[in-house]
Amino acid sequence: MKSVAIIAELRAVLDHQRAAGRSVGFVPTMGYLHDGHASLMRAARSDTDVVVASIFVNPLQFGAGEDLDAYPRDLDRDTELAVAAGVDLLFTPAVEEMYPRPVLTTVSVAQVSEGLEGASRPTHFAGVATVVAKLFSIVGPCRAYFGAKDFQQVAVVRRMTEDLSLPVAVVACPTRREPDGLAMSSRNVYLTPEERAAAPVVYTALRSGAAAIAAGERDPAAVRELMAQIIQAEPLAQLDYAEVVDADSFTVPEPLAGNLRLLAAVRFGRARLIDNVGVTV
Ligand code: AMP
């Protein structure tokens with residue numbers, strides 16, 4: 001595996017590979033890698049000829065008072081994991097390489113970025129869309145792999161890619177979980193042992209909501225209430241939101257119908273965790 005920190009160098013290597021007829025798979029991350037990230041790398045490895053992963057903690061997508069400075073980093077461990085997952089090129093640009101001057105150009109995606117995470121973190125998705133547009137421009141034509149764990153992020157990236165005719169096929173991969181159901185996340189490192197023991201309640205609540213719908217519940221308020229009760233019964237959990245929406249439009253169908261997604265955001269001490277599950281009526 002080769003590590004590259006300079007935009008022009010990565011472009012040159014990938015242009016050369018494509019000119020030789022090789023396909024490119026791309027996995028953008030913020031590092032502190034776990035098996036969720038590795039699953040995206042393995043998918044890229046099996047689908048494409050040259051796998052590039054990026055590690056960049058993107059300041060644009062953190063709001064004031066969020067965990068930008070505390071965000072966990074461990075490049076040595078990440079390098080080992082990326083090698084084991086079959087990555088060929090690890091792109092690790094410094095902030096000054098990505099943003100040498102104040103950013104005057106941003107990408108914002110209306111509608112799909114407005115509710116849920118967008119409501120709780122108002123500048124988050126513009127930061128994500130901007131860095132992903134920039135990374136897609138640097139990497140060039142490719143298949144790009146994202147985790148369904150960040151379900152709304154995938155929708156934002158897909159819509160941006162389509163609206164801007166970017167030469168990228170966006171691929172969503174399933175959420176990887178710990179044995180007790182907790183979705184893997186770099187932010188799980190913030191959890192105290194007590195919070196870690198309580199955190200699977202998020203997935204439990206989402207699955208209970210999905211089970212209620214599968215059993216015939218069609219009232220979105222009842223599903224929200226059920227999930228909120230389960231989360232609020234856990235003293236260490238602080239509910240941000242628990243919602244059920246149409247998986248494509250992010251609107252709330254009433255009565256519930258079609259392809260639905262249940263999504264929740266919950267704080268445990270310093271950690272703000274998100275998760276989601278799908279159910280079809
Ligand atoms: P992050 O480093 O948190 O920005 O995540 C980088 C990519 O990994 C995103 O596409 C995430 O959705 C994906 N990802 C994070 N956690 C998981 C997980 N538990 N399972 C699958 N993909 C994940």
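Observations on the structure shown:
- Take the Cα of V252, go 7 Å toward its beta carbon, and the backbone nitrogen atoms of the range 213-236 under 11 Å from that spot belong to 219-225.
- Relative contact order of the chain, defined on C-alpha pairs under 8 angstrom at six or more residues apart (%): 17 percent
- Cα-projected label distance for N259 with Q111, points at 7 Å along beta-carbon direction, nm: 1.5 nm
- Between the Cα long axis of helix 151-163 and the first principal axis of the chain there is an angle of about 50°, rounded to the nearest 10.
- Fully extended contour minus Cα-Cα distance, from L164 to D35, at 0.36 nm per residue: 43.3 nm
- A Förster distance of 25 Å, applied to the separation of the beta-carbon atoms of A64 and T192, puts the FRET efficiency at 0.50.
- The angle between the Cα long axis of helix 75-84 and the main principal axis of the chain comes to about 90°, on a 0 to 90 degree scale.
- J(HN,Hα) series, the range 96-103, from Karplus relation 6.51 cos²θ - 1.76 cosθ + 1.60, nearest Hz, glycine and proline x: 5, 6, 6, 10, x, 10, x, 7
- Summed residue charge, Cβ within 11 Å of K2's Cβ, Lys/Arg positive, Asp/Glu negative: -2
- Selection from T48, L90, P59, by position along the positive dipole direction of the chain (Cβ): T48
- Pairwise label distance in nanometres, A8 with A214, each label 7 Å out on the Cα-Cβ vector: 5.6 nm
- Cβ-defined net charge surrounding A119, 11 Å radius [Lys, Arg +1; Asp, Glu -1]: -3
- Taking Cα centre as origin and charging only the Cβ of basic (Lys, Arg, +1) and acidic (Asp, Glu, -1) residues, the dipole magnitude of the range 135-183 rounds to 80 debye.
- Within the shell defined by Cβ-Cβ distances under 10 Å, the residues around A155 carry a net charge of +1, with Lys and Arg each +1 and Asp and Glu each -1.
- Beta bridge orientation in the chain: antiparallel %, DSSP, nearest 5: 50 percent
- Near-label residues of the range 2-40 by backbone N, under 17 Å of a point 7 Å along Cα→Cβ of D49: 11-26
Read-outs throughout are calculated quantities, based only on the coordinates presented, and are distinct from any laboratory measurement. Everything numeric here is computed off the predicted structure, so don't read it as measured data. Cβ coordinates were reconstructed from backbone atoms using ideal geometry, including for glycine residues, and neighbour counts include every protein chain displayed.
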